[in-house]
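J.: Questions regarding the structure given below will be posed in turn.
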Number of protein chains: 2
Amino acid sequence: MNPEDPAAALVTGVLVALADPTRRQLLDLLADQGQATATTLAEGVPVSRQAVVKHLTVLDDAGLVEATRAGREVRYTVRPDALDTTARWMAGLADQWDRRLARIKRFAEAAERDDT
Amino acid sequence: MNPEDPAAALVTGVLVALADPTRRQLLDLLADQGQATATTLAEGVPVSRQAVVKHLTVLDDAGLVEATRAGREVRYTVRPDALDTTARWMAGLADQWDRRLARIKRFAEAAERDDT
DNA sequence: ATGCTGTGCAACTACAGAGTTGCACGTCGT
DNA sequence: ACGACGTGCAACTCTGTAGTTGCACAGCAT
């Protein structure tokens, strides 16, 4: 995954965002409620509103949530696209490893046959 | 994803492990070479051998690599299982969000029809 | 036996990020 | 106009972790 690749940057952001348990919890709440503000979300999580705001910023940068201004409040929504992309990337990586391992295994077996 | 769930712990470990770019690079090298030692891997990465060892420990705890002792050296191998599990978890989550969003959208449209 | 090479352990530095608090500003309802 | 509420900004603390260096120990070769 070359760092110049824009898709790579997206994946990195998603992984970093999901690595934090509080952020996963926030995503869970958001997906459940469909829409919520930072203040509301702070009630369902053991940290301050400001901490929630920071987490939401990270999630926004990762493309996992979307912020919409409505008067004096900001409503957040879940965005599945980035998550989906990352899931596909990961599945592809797992597949790649599987194939490489299979190739190496064939190699080892061939070498063994040559010995005996 | 409830924290008591053993599968959740596995997923968390994988996410944390993959969130670091150096660790992803190490996994790339490992998957490419099939097998390598910490000392060898340190040559392909811009950090010291000790740093590499620490990263490999994290990857091992996450179940992404396996360490095998061979005389005085320790050979590391990639393990696709944990990655595969996490990829599936993520795909499931993306799907879940999609369905929730679809449900909410229907809700909103129904409410709009009631208004007009 | 001795030197070379790969690991392991420990102490240390440094920086990023998770969290907090306090206050100022815009917005809504009355 | 005024109070209440939601948000934004800034400064600060603190812990975790990535990284380093130095040294001791174990295994291999000659």
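J.: Every residue in the range B:67-95 that is within 13 Å of DNA strand C (Cβ to nearest atom) and surrounded by fewer than 18 Cβ atoms within 10 Å (Cβ to Cβ), please.
T.: Taking the range B:67-95 and keeping what is within 13 Å of DNA strand C (Cβ to nearest atom), we get B:67-77.
Scanning the range B:67-95 gives B:67, B:68, B:69, B:70, B:71, B:72, B:73, B:74, B:75, B:77.
J.: Need pairs with beta-carbon distance below 6 Å; first residue part of a loop (DSSP other than H, G, I, E, B) and within the range B:55-71, second within 11 Å of DNA strand D (Cβ to nearest atom); sequence gap 6+ or separate chains.
T.: These pairs meet every condition: B:62/B:13; B:62/B:17; B:64/B:17.
J.: Is there a residue being within 12 Å of chain A (Cβ to nearest Cβ), at pLDDT below 95, more than 11 Å from the chain's Cα centre (by Cα) and under 28 Å from residue A:85 (Cβ atoms) anywhere in the range B:67-80?
T.: Keep residues of the range B:67-80 that are within 12 Å of chain A (Cβ to nearest Cβ), which gives B:77-80.
This time we only want the ones that are at pLDDT below 95, so: none.
So far as the range B:67-80 goes, no, none of its residues is within 12 Å of chain A (Cβ to nearest Cβ), at pLDDT below 95, more than 11 Å from the chain's Cα centre (by Cα) and under 28 Å from residue A:85 (Cβ atoms).
J.: Looking only at the range B:57-66, filter to residues that are aliphatic (A, V, I, L, M) and over 19 Å from residue B:32 (Cα atoms); which one of those is surrounded by the fewest Cβ atoms within 10 Å (Cβ to Cβ)? Can you show your working first?
T.: Restricting attention to the range B:57-66, the residues satisfying the condition of being aliphatic (A, V, I, L, M) are B:58-59, B:62, B:64-65.
Remaining after also requiring over 19 Å from residue B:32 (Cα atoms): B:58, B:62.
Numbers: B:58: 16, B:62: 23.
Only one residue tops the list, namely B:58.
J.: Any idea which residue in the range A:20-56 is surrounded by the most Cβ atoms within 10 Å (Cβ to Cβ), counting only those that are more than 14 Å from chain B (Cβ to nearest Cβ) and more than 9 Å from DNA strand C (Cβ to nearest atom)?
T.: A:56
J.: For the list (1) among the polar types (S, T, N, Q); (2) touching a helix residue (DSSP H, G or I) at 6+ places or on another chain (Cβ under 6 Å); (3) under 18 Å from residue A:12 (Cα atoms), I need the number of the one condition that residue B:39 fails.
T.: All conditions are met except number (3).
The values are calculated or read from the model by the stated rules, or taken from the named source; none is laboratory data. All of these numbers come straight from a predicted model, not from anything done at the bench. Methodologically, a virtual Cβ is constructed for each residue, glycine included, from the backbone with ideal geometry; neighbour enumeration extends over all protein chains shown.
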